[in-house]
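One structure below.
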Amino acid sequence: PDKAPIFKRILLKLSGEALMGDQGYGICPDVLTRVAREVGELSSKGVEVAIVIGGGNIFRGAGMAQGGMDRVTADHMGMLATVMNGLAIQDALERLGKFCRVMSALKINQVCEDYIRRRAVRHLEKGRIVVFAAGTGNPFFTTDTAASLRAIEMNADVMIKATKVDGVYDSDPKLNANAQRFERLTYDDVLNRRLEVMDTTAIVMCRDNHMPLRVINIFREGELMRLVTGESVGTLIER
Ligand code: UDP
């Protein structure tokens, strides 16, 4: 039962949808609290937790650009959406008595801290949960790429992508009942087979910098803790 964590520092990528629950939009308070509790438990076990939060539950730049909006403006709005989600996570963690700092790649420092690498590392060393918001701070990128970048910058032991499915499949398990889940893959497998794990930029960043990735289901309660205490859950992707 009380197993020790196998990772010292993790980077958790939460998509905006991870906070949305069954709603079609926005943040579901119950889901937010549950995710915060699970993250808080990792931190209580002594794991240093950094989070990159997405914004797709509120706003996606590419979608708006298709409707005619200038892509850069739409992406600025998308990045601001991730800041809103970040503030919600910070609030939920603080209500549970955890210490947390939101750090934004865009400067909005009356709302949260600016991202400064050394400061982020210091927060982690002090046991604070750090939420990285505003992606990379640049349009045309994704929060998956931001997660790869921050995982590498923070020297995380592993990047964990928390999704709606319990790993990477050879075809969509919602459409194909015979879809097979992979236990492990290499980054080149993902690229060659065009498996939809993350965008190519994010995959290549991880591959070239030897950052292992675990894809797990955030809607399965306890999955994060099982992974961090050494169980082989989801799909492992390595170089
Ligand atoms: N975004 C951006 N640059 C980044 C990260 C994100 O412009 O480095 C914008 C982009 O418009 C994106 C939105 O923020 O659609 C929300 O991020 P994402 O779609 O990655 O969120 P998720 O799918 O993880 O919820």
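The values are calculated or read from the model by the stated rules, or taken from the named source; none is laboratory data. Only a predicted model underlies this, so the values are computations on that prediction, with no experimental measurement involved. Don't worry about glycine lacking a Cβ; one is built from the backbone with ideal geometry, like all the others, and counts go over all protein chains shown.
Please verify whether the stretch 96-105 includes one or more residues that are modelled with pLDDT of 95 or more, in contact with a strand residue (DSSP E or B) (Cβ under 7 Å, 6 or more places away or on another chain), in a loop (DSSP other than H, G, I, E, B) and basic (Lys, Arg). Yes, there is a match, as at least one residue in the stretch 96-105 is modelled with pLDDT of 95 or more, in contact with a strand residue (DSSP E or B) (Cβ under 7 Å, 6 or more places away or on another chain), in a loop (DSSP other than H, G, I, E, B) and basic (Lys, Arg). For the criterion of being within 16 Å of the ligand (Cβ to nearest atom), outside any loop (DSSP other than H, G, I, E, B) and over 17 Å from the mean Cα position of the chain (by Cα), Ala62 passes. Looking across Val165, Val228, one residue alone is out of contact with any helix residue (DSSP H, G or I) (no Cβ under 7 Å at 6 or more places or on another chain) and either touching a residue at least 12 places away in the same chain (Cβ under 8 Å) or within 15 Å of Lys13 (Cα to Cα) (or both). It is Val165. The condition of being of a type outside the set (Phe, Trp, Tyr), buried (at least 19 other Cβ atoms within 10 Å of the Cβ), within 7 Å of the ligand (Cβ to nearest atom) and in a loop (DSSP other than H, G, I, E, B) holds for Thr136.
Residues in the stretch 20-46 that are closer than 21 Å to Ala156 by Cβ and surrounded by 14 or more Cβ atoms within 10 Å (Cβ to Cβ): Val35, Ala36, Glu38, Val39, Gly40, Glu41, Leu42, Ser43, Lys45.
Out of the residues in the stretch 139-177 meeting the condition of being at pLDDT 95 or above and surrounded by fewer than 16 Cβ atoms within 10 Å (Cβ to Cβ), tell me which one is farthest from the ligand (Cβ to nearest atom). Taking the candidates together, the pick is Asn155.
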